[in-house]
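The values are calculated or read from the model by the stated rules, or taken from the named source; none is laboratory data. Values in this document were obtained by computation on a predicted structure and should not be read as measured data. Cβ atoms come from the backbone with ideal geometry, glycine included; neighbour counts cover every protein chain shown.
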Amino acid sequence: MEIKNAVTALAALAQESRLAIFRLLVQNAPEGLTAGLIAEQLALPAPTLSFHLKTLAQAGLVNTVQEGRFVRYRAEIEGINALIGFLTDDCCGGHPELCTPNLKK
């Protein structure tokens, strides 16, 4: 990942609603959710949700699949893994294996 992409992804996540959307999509991976379900669960108006989803998609953190009249949004797991990798690449004096994230539930 290039620094420009990392900055874009971090900027997209540095907003409360977008972070909540992304976390909700991660919780519902790999299936994802429709915009209506996201709006309902986070109590966001449709125009606001649309704006935030577009920002997350442009940052490579969300992808979409058209399902008839609905659009399903999914967390782009590869995108977040690339960001985590970028952030920890030079961790611990060049030993990134020491910086493996603690993936707890």
Output the helices (runs of 4 or more DSSP H) that fall wholly within region 25-89 and possess 1 or more residues being touching a Phe, Trp or Tyr at 6+ places or on another chain (Cβ under 7 Å), touching a residue at least 12 places away in the same chain (Cβ under 8 Å) and under 19 Å from Ala9 (Cα atoms), or say none. 46-58
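Does Leu42 satisfy being in contact with a Leu (Cβ under 7 Å, 6 or more places away or on another chain), under 18 Å from Glu16 (Cβ atoms), modelled with pLDDT of 95 or more and not polar (S, T, N, Q)? Steps first, answer last, please.
Numbers: in contact with a Leu (Cβ under 7 Å, 6 or more places away or on another chain): yes; under 18 Å from Glu16 (Cβ atoms): yes; modelled with pLDDT of 95 or more: yes; not polar (S, T, N, Q): yes.
Taking the combined requirement at face value, the residue satisfies it.
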